[in-house]
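Each reported figure results from applying straightforward, stated rules to the coordinates on display, with no laboratory input. Treat the numbers as computed from the prediction; the structure is a model and nothing was measured. Every residue, glycine as well, gets a Cβ built from its backbone with ideal geometry; the counts of neighbours run over all protein chains shown.
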Amino acid sequence: MTVERAPVSGSGKRPGRRPGKTVSRQVILSVAMKRFAEVGYEGVSLRSIAREAQVDPALVRHFFASKEGLFEAVMRDAFHPEDFAVVVEGGEERMGERLVAGFLEMWETQPSRDKLLSVLRSAVTRDAAANMVRSFIVGEVLAPITRAIGRPHPQARAALVGTQLVGVALARYVVKTQPLPTMRLDAVVQVIAPSIQRFLTGDLPDVFDETA
């Protein structure tokens, strides 16, 4: 998308600033995604994002309030938690397969892969970012699914599923641990789905009786 810059003179606008709140917000998100991927969570500041996006730092704070808020917006833009509701609609049979396929299909195409890589690369650089990513994936993406299923220990189930899915994504797309990077997508789904299905709908060990 091409964004025109504000006129240098005669309009009362500051030169080099991008017009339009909707456009500006998306530009900021795009810059943040790139910077989080390049330098990690700790290497990013709101001022550096504003400078590269050619907007006033106050506008970044207006949209996102803080760096944590900006990173959460990047995660939400990458994962689209609302899209995972369809996993529940098909019933419990093959639910694990649908969830794994939907999660990994996001990684197979652009620009979603770059967005997701930005999030995971930030997560492996600092504990603060890792905690935010873990909380977001478990709480915003997976817990609504496990609560909708109605089985005991929905939070524990969401955490177990999240561990598996993030681990597979790291191995296949970031660390590239063989054989996952060279396997066909349907083969990866076939291998991983039974474990995810058990975490979603199967009986859990007694150790989880004292957890949520």
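Taking the chain as the reference, fit the longest principal axis to its C-alpha atoms, fit the long axis of helix 112-123 to the helix C-alpha atoms, and give the angle between the two in degrees, 0 to 90, nearest 10. The helix 112-123 is inclined about 80 degrees to the chain. Between helix 185-201 and the chain there is an angle of about 70 degrees, using the helix long axis and the longest principal axis of the Cα atoms. The calculated FRET efficiency for the pair Asp56 and Lys34, based on their C-beta separation and a Förster distance of 25 Å, comes to about 0.80. As an equivalent ellipsoid, the range 21-75 spans semi-axes of 15, 11, 10 angstrom, where each value is the square root of five times an eigenvalue of the C-alpha gyration tensor, largest first.
Taking label positions 7 Å along the Cα-Cβ direction at both Thr125 and Gln190, the computed distance is 3.9 nm, reported to one decimal. The long axis of helix 21-39 is offset from the longest Cα principal axis of the chain by roughly 70 degrees. Extent along the principal axes, Cα only, for the range 148-212: 39, 20, 20 Å, with the longest axis given first. Inter-part distance, the range 25-40 to the range 62-131, computed on C-alpha centroids, equals 15 Å. Between Glu108 and Ala85, the modelled label-to-label distance comes to 2.5 nm, taking each label 7 Å out from Cα in the direction of the beta carbon. The base-10 log of I(q)/I(0) for the chain, evaluated at q = 0.09 Å⁻¹, reads -0.42 [Debye formula, identical scatterers on Cα atoms, solvent excluded]. What the pair-distance distribution of the range 80-204 shows, using all Cα-Cα distances binned every 10 Å from zero, is 13, 47, 34, 6 percent.
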